[in-house]
1. If the requirement is being closer than 30 Å to Asp28 by Cα and hydroxyl-bearing (Ser, Thr, Tyr), which of these qualifies: Ser334, Ser315, Ser279?
2. Which condition number does Ser257 fail, the rest of (1) within 25 Å of Val171 (Cβ to Cβ); (2) in contact with a His (Cβ under 8 Å, 6 or more places away or on another chain) being met?
3. Identify, by number, the condition in (1) touching a Ser or Thr at 6+ places or on another chain (Cβ under 9 Å); (2) crowded, with 21+ Cβ neighbours inside 10 Å; (3) in contact (Cβ under 8 Å) with a residue 40 or more places away in the chain; (4) closer than 30 Å to Glu147 by Cβ that Ile86 doesn't meet.
4. Quick test for you: out of Ser63, Ser108, pick the one residue that is over 17 Å from the mean Cα position of the chain (by Cα), within 23 Å of Glu139 (Cα to Cα) and surrounded by 15 or more Cβ atoms within 10 Å (Cβ to Cβ).
5. Scan Val157, Val213 and give me the residue that is surrounded by fewer than 21 Cβ atoms within 10 Å (Cβ to Cβ), in contact with a strand residue (DSSP E or B) (Cβ under 7 Å, 6 or more places away or on another chain) and of a type in the set (Val, Ile, Thr).
6. May I ask you to list pairs of residues, at least six apart or on different chains, whose Cβ atoms are under 8 Å apart, with the first in the stretch 255-277 being at positive phi and the second being surrounded by 24 or more Cβ atoms within 10 Å (Cβ to Cβ)?
7. Would you confirm, using the coordinates I've provided, whether Ile8 is touching an Asp or Glu at 6+ places or on another chain (Cβ under 8 Å), surrounded by 20 or more Cβ atoms within 10 Å (Cβ to Cβ) and either of a type in the set (Lys, Arg) or under 27 Å from Lys166 (Cα atoms) (or both)?
Amino acid sequence: MKKIVFGISRFVYGGAEFMLKELILNLDKELFDIYVITKYGDNGTEIERVLKENNIKIIYSNSKRRFSLEFLFKCYQELSRIKPDIIHTHLGIIIYFLPYIYLNKCKSFHTVHNIPKKEGKKIYKFFYRKKVKPIGISETIAQMIREFYNIKYRIPVIYNPVNLSKFKEIVPAKYDNMITLIIVARLYPQKNHKLLLEAFSQVIKENVQLKIVGDGPMKNELIEYASNLGISKKVEFLGQRDDIPYLLKSSDIFVLSSLWEGLPLSVLEAMAAGLPIISTDVGGVRDIVKDNGILVENGNAEKLCEVIIKLIDDSTLRGEMGKKSLEYAKLYDSSVMAKKHTELYLCP
């Protein structure tokens, strides 16, 4: 049995955290003895609850600082105690694992969840010397990694997962002719909700509503922005929700307006719900949105409005794109992702 340690800063509701949860739950426990090291404390999320119910060992550190020497030493101590065969890090926590990786022999991987320039160049030398092998979450992101870090060797690509089983039993009823647009994204500048609200304000149709799912520091600002645009009655801020599959399957069109992305889980879940996708053309989105949706130029509210109206007016096109989304989603099931990681971990 191989000992594997996963590193992630904390378990909040995000794509990287969900991906790690799905990976851990779908790995063969007869092949791997699994540990997770986090920099911060227990957030009490659904992700943590599920992992604990499956007897996954989570080591919390309760760090309070952005950079913590105390956690650096604790991380090294925990790794020395566990003596892992494999280390797999996610997001910024990798810098705390580097001393152990440098001084000890083990397989080490780091999944680049965003565009590489957001990850920074701190790990360049470790990638370059192959002490840590990067994993791209799409072909586009893998190419960006090669270019940003000047890497010549092949980078493995393992797409983010979607748990298809969560969507199979949900059959929501629709009682009216209302067309519902939905976005599932944290209320952060990266997601550029203002662009979507601006575009939506130009959609002069009575039978259309927008549901915004997610929470974050921009909530009050976005509510005020919607009010200033005169669309408050047609926009619903739902906050953080645990019934995402139901909300998606109750909607008609998924929209994402991000400034940058790696490979957003929200798009994969919308595909699993059988929705047509409208998204800004950023990061790895183009790798999964083809004839199942429409990509628009980043920051172009006029074009975003145009394609929203196009799908509102054409129910046949919405249906065709939705069927394609569901078909493509099957390629990204969590079991497929876990199998590919297993092959990577066990390869000579």
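1. On the way: Ser315 fails: closer than 30 Å to Asp28 by Cα; Ser279 fails: closer than 30 Å to Asp28 by Cα.
When all the criteria are applied, what remains is Ser334.
2. With (1) within 25 Å of Val171 (Cβ to Cβ); (2) in contact with a His (Cβ under 8 Å, 6 or more places away or on another chain) applied to Ser257, the lone miss is (1).
3. It fails just one condition, (2).
4. Details: Ser63 fails: within 23 Å of Glu139 (Cα to Cα).
The conditions single out Ser108.
5. Numbers: Val213 fails: surrounded by fewer than 21 Cβ atoms within 10 Å (Cβ to Cβ).
Residue meeting the stated conditions: Val157.
6. Gly274/Ser325
7. Working: touching an Asp or Glu at 6+ places or on another chain (Cβ under 8 Å): yes; surrounded by 20 or more Cβ atoms within 10 Å (Cβ to Cβ): yes; either of a type in the set (Lys, Arg) or under 27 Å from Lys166 (Cα atoms) (or both): yes.
For Ile8, the condition - touching an Asp or Glu at 6+ places or on another chain (Cβ under 8 Å), surrounded by 20 or more Cβ atoms within 10 Å (Cβ to Cβ) and either of a type in the set (Lys, Arg) or under 27 Å from Lys166 (Cα atoms) (or both) - is met.
Condition check ((1) under 22 Å from Phe18 (Cα atoms); (2) out of contact with any Lys or Arg (no Cβ under 7 Å at 6 or more places or on another chain); (3) crowded, with 19+ Cβ neighbours inside 10 Å) across all residues:
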{"site": "Asp242", "(1), (2), (3)": "yes, yes, no"}
{"site": "Gly262", "(1), (2), (3)": "yes, yes, yes"}
{"site": "Ile277", "(1), (2), (3)": "yes, yes, yes"}
{"site": "Gly283", "(1), (2), (3)": "yes, yes, yes"}
{"site": "Ile308", "(1), (2), (3)": "no, yes, yes"}
{"site": "Met321", "(1), (2), (3)": "no, yes, yes"}
{"site": "Ser335", "(1), (2), (3)": "yes, yes, no"}
{"site": "Leu344", "(1), (2), (3)": "yes, yes, no"}
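The values are calculated or read from the model by the stated rules, or taken from the named source; none is laboratory data. All values reported here derive from a predicted model rather than from experimental measurement. So basically every Cβ, Gly included, is an ideal-geometry build from the backbone, and we count neighbours across all protein chains shown.
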